[in-house]
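Below is one structure, written out as structure tokens; comments come after it.
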Amino acid sequence: MNVTAGHGASVRIECCGKTFADGTRALESATLDIARGETLVLLGPSGCGKTTMLRIIAGLELPDPGGKILFDDKDVTSVAIERRNVGMVFQSYALFPNMTVADNIAYGLKIRGVGKNERAVRVAELVALTNITGLENRRIDQLSGGQRQRVALARAVAIRPRILLLDEPLTALDAALRDRLRGELNRLLRALGITTIYVTHDQAEAMELGDRIVVMRKGEIAQIGTPREIYFTPQNRFVAEFIGAANIIEAPIERGDLVLPGGRQPTGGDASQPGAVAMIRPESIAIRSGFRSRQMRFVSCLRRTESQCHLAQFTLRRFRISISSLRVRWPMAASTRQRRWSAASRR
Amino acid sequence: MRDRLIFAGQLLFTIGVAAFLVVPVVLSISAGVTVNYFRGISSGVTLQWVAQVWNLYYDTILLSFLIAFATLVVTLGIGVPAAYALHTRGGRLSRLIEETITLPIAIPGLAIALALLLTYGGFRSFRTSWLFILTGHVIFTMPFMVRSVMAVFATIDVKTLDEGAASLGASPARRFLDVIVPNAAPGILAGALMVVTLSLGEFNLTWMLHTPLTKTLPIGLADSYASMRLEVASAYTLIFFIMIIPLLVAMQMLADQGARK
């Protein structure tokens with residue numbers, strides 16, 4: 001697996017904004033550091049500027065004047081993409097229909113003047129690495145979506161790039177395949193150890209693949225943090241609502257306590273405000289016996305690191321509380337408890 | 001029963017229309033190989049008229065092919081990169097240039113020729129060389145090349161392919177030759193055949209631009225119709241046919257191939 005290991009560059013994005021010729025402001029000035037070998041995910045809804053940022057890093061777009069891109073502390077802002085030595089996987093894969101799978105993978109090496117025999121060896125390595133053995137002589141239009149995705153990845157990695165850039169590489173696939181390839185991709189990226197920047201709008205992908213996640217909104221960075229930080233301590237309402245399921249409750253503050261429908265909870269932060277917005281994850285709510293049916297108590301229990309993809313194993317139940325509804329994660333296995341509490345829950 | 005009647009009716013109509021178009025062609029060809037047209041085919045079949053035409057006009061035929069080939073080279077060399085640039089740049093200026101290139105389809109060839117004569121007629125050596133006709137042909141055929149290449153560009157994602165190749169380290173020239181041109185090949189081929197066919201058959205423009213020493217096939221044709229006996233003129237048509245038909249067939253086959261893809 002030691003195909004490109006230890007071959008990554010650090011990336012620094014300095015004050016990079018982007019205004020297109022028609023005046024659209026796609027990206028507000030942003031500064032961001034990406035460590036050598038790190039996998040950074042740019043996450044956000046469509047039109048949030050994540051692809052623009054990736055394209056600026058790739059060299060496909062120029063940042064607005066004043067913006068700089070540094071690879072290993074070297075300014076590459078004015079260097080064209082073909083000389084940046086980055087590997088890129090496009091959303092539509094951009095495979096060359098006029099070449100076979102093997103020729104596609106070898107193209108970057110051919111450009112670099114690598115000899116025929118060496119190219120063949122490298123192609124064989126990558127074909128094995130990406131599980132597409134036997135497809136070398138196929139034409140691109142003879143491949144399935146998942147196979148194309150693998151070829152695109154193999155082609156991008158073949159040139160031993162310093163930085164690997166992936167623009168929504170799994171979006172074009174169906175859900176089941178996407179889940180499988182996500183796991184494969186994760187193992188592959190870990191094995192390669194290249195600096196990776198991954199753009200997606202899918203939070204499950206971001207949670208599984210990212211060392212750090214940059215949540216973006218309307219051209220601005222909403223929060224940067226590890227998947228755990230983003231999930232459990234979102235810095236604003238947008239991040240809280242965009243990642244996972246969240247119960248957002250607007251509540252007044254009285255004597256330093258947040259007054260919630262079910263009881264009081266000490267505020268973590270500024271208590272001088274008249275009110276606050278509280279967020280509680282459905283899985284952080286436990287339902288206990290001993291209370292009357294409509295009395296709900298908030299019991300904070302931010303204990304477990306659970307990525308979003310496991311949410312499918314749980315049931316989300318909505319409970320009416322006095323001012324809004326509350327979603328609670330309900331474990332499938334606890335069917336006996338479910339029966340016991342079905343009376344209390346009053347769905 | 002009713003269906004069969006309708007079918008028979010349609011078949012008869014189609015045959016009738018086809019015959020209406022084909023009979024003149026057959027008559028013209030047969031006239032070219034008849035010893036004496038007024039006495040009919042019974043006077044005997046001969047290739048003497050064809051030989052006579054070849055002897056009289058082989059230089060115009062050769063010049064026609066030279067011009068057609070040169071037109072092709074120029075339209076390929078300029079038209080394909082131009083189509084690429086127009087497609088990737090986009091914007092209002094590109095639209096404007098595209099329309100300008102297309103204009104010669106709508107403007108009568110005579111008007112283009114007149115404009116060329118007014119502008120460059122004074123440059124004697126240029127005016128009297130075959131390059132003058134080449135210029136006219138390039139202006140006339142360029143839209144067909146550019147349009148047909150752009151049509152293919154519209155069906156493939158040129159921008160992404162280009163960016164894909166760039167991300168692998170290919171220079172703009174390499175990208176163009178390795179990725180863009182091969183993937184636009186059906187359009188380029190269709191455009192090329194159209195350019196050659198149009199150039200070989202072009203009359204309007206060429207008639208205005210030619211000199212006695214720079215005559216092309218269709219000009220020679222008009223010449224022979226005007227001044228030779230009918231058998232010779234018909235033999236000329238026959239030669240023209242033999243040259244142009246394979247091109248048309250090849251064009252049709254390419255179009256079919258493109259449609260199957």
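Over the Cα atoms, compute the radius of gyration (one decimal) and Dmax (the largest Cα-Cα distance, rounded to a whole number) for the range B:149-194, in Å.
11.0, 35
Sort all Cα-Cα distances of the range B:149-261 into consecutive 5 angstrom bins from zero, then give the percent of pairs in each bin up to the one containing the longest distance.
2, 10, 15, 13, 13, 10, 10, 9, 7, 5, 3, 2, 1, 0
Would you please put A:201-207, B:242-248, B:152-158 in order of how densely packed they are, using the mean number of other Cβ atoms within 10 angstrom per residue and starting with the highest?
Put in order of decreasing packing, that is A:201-207, B:152-158, B:242-248.
Per 0.36 nm of contour for each residue apart, how much would the distance between residue B:244 and residue B:111 grow if the chain were fully extended, relative to their Cα-Cα spacing?
That works out to 45.3 nm of additional length.
Based only on Cα atoms, what mean projected area does the convex hull of the range A:32-187 have, in nm²?
10.1
What average count of beta carbons from other chains do you get within 10 Å of the Cβ of residues in B:168-181?
Average per residue, whole number: 5.
I'd like the FRET efficiency for residue B:119 and residue B:20, computed as 1/(1 + (r/R0)^6) with the beta carbon distance as r and R0 of 41 Å, rounded to 0.05.
0.40
What relative contact order, as a whole-number percentage, does chain B give when Cα pairs under 8 Å and 6 or more residues apart are counted?
With pairs under 8 Å counted, the relative contact order is 30 percent.
Translational D (Stokes-Einstein, µm²/s) of the protein assembly as shown at 37 °C and 0.692 mPa s when Rh comes from the Kirkwood sum over C-alpha pairs?
107
Mind checking the mean number of beta-carbon atoms from other chains within 10 Å of the Cβ atoms in A:54-67?
Counting Cβ atoms of other protein chains within 10 Å of each residue's Cβ and averaging gives 1.
Distance in nm between label sites at residue A:22 and residue A:233, each 7 Å beyond Cα in the beta-carbon direction?
Distance between the two pseudo-spin positions: 4.2 nm.
How well do other chains shield peptide B:155-167, expressed as the mean number of their Cβ atoms within 10 Å of each residue Cβ?
6
For the range A:10-62, what is Rg from Cα atoms divided by 2.2 N^0.38 Å, rounded to two decimals?
For the range A:10-62, the normalised Cα radius of gyration comes out at 1.14.
Where a number appears in this text, it was derived from the coordinates with a stated rule and is not lab data. If you're wondering where the values come from, they're calculated on a predicted model, not measured in any experiment. Glycine also receives a Cβ, built like all others from the backbone with ideal geometry; neighbour counts cover every protein chain displayed.
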